[in-house]
Each structure stands twice: as C-alpha cells, then as structure tokens.
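Shown next, in structure tokens, is the structure this report addresses.
The values are calculated or read from the model by the stated rules, or taken from the named source; none is laboratory data. Nothing here was measured: the structure is a model prediction, and the numbers come from that model. Surface accessibility is based on the protein's heavy atoms, side chains included, excluding ligands, DNA and RNA. Shrake-Rupley method; radii C 1.70, N 1.55, O 1.52, S 1.80 Å.
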Amino acid sequence: MAMNHIRSLRSVVISKEVVGVRAFAAAGGKAKKGSKGGASADAPKASSLSKEVKSSTTVGANILKDGTDPKVMADSDYPDWLWHLLDKRPALSELRRKEKESLPYEDLKRYFKLETRAGIKENNSIKAKN
C-alpha cells in the first residue's frame, strides 16, 4: 500500500513539473524588440534620491545585504596612490625612445612588461602564418 502512495506522489510531482514547463514555454518565449503597447521594462526610471544624498554617499557601492552605502569622505582621508590610478602611463613606443638608464623604476618595469608582450604577440603571429 505504501508503494502505491509513493507512485501516486511521483505522478503528481511529475505532472506539476510538466504543467509548469508547458505553461512557461507557452508564454511566448522572448519578448519582441520594439513591440507596441505598454511601458518598456528597460526604460530608465526617475531617481528617487535627493541631490544631498547623492553628493554625500557613494550610491550603489554597498555589497552587503544589510549594509548601507558608504559616505563620501574628504580628499585627505583617502590614500595618495588613489589619485594616481587614472594618470596616463607612457606607451611602449615612447619608452623605447628614452634612455633605459634614466627611466624611473615603475617606467622601466612597464617597459619590460610591454616589450615582452610585444615579443610574444610577434612570435604568435609568426607561428599562425606557418
């Protein structure tokens, strides 16, 4: 008798899954682009944050479920290296024109890195042709 109940439960579970899949597949699949009617789900929404909140917090920087967005601090509270992240670094052609002995350590390190990368690309292109 217990086996009959298990079989009937299996058929119920299987039938629910099939119905759920069929209902999803019958829903139309992908939405057509440029279809008429209704507001688009991808349309930009008006911001509900005030300008004061936007200027005092970094909106969207929170990665914790229960956390809050971090506050913007004064420039002196951040490390010095942060302000140099977006500085332009010299290209390989520019580094090749300079004397290697006069380059600062960071530029010398960058020169060897770019030179090695260029050599690898050249070797790969030669191998690809053969």
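The residues listed here are L92, L114, L108, L49; of these, the one that is modelled with pLDDT of 70 or more and within 26 Å of the chain's Cα centre (by Cα) is L114. Of all residues in the stretch 49-92, those being assigned to a strand (DSSP E or B) and open to solvent by 80 Å² or more (accessible area, probe 1.4 Å) number 1.
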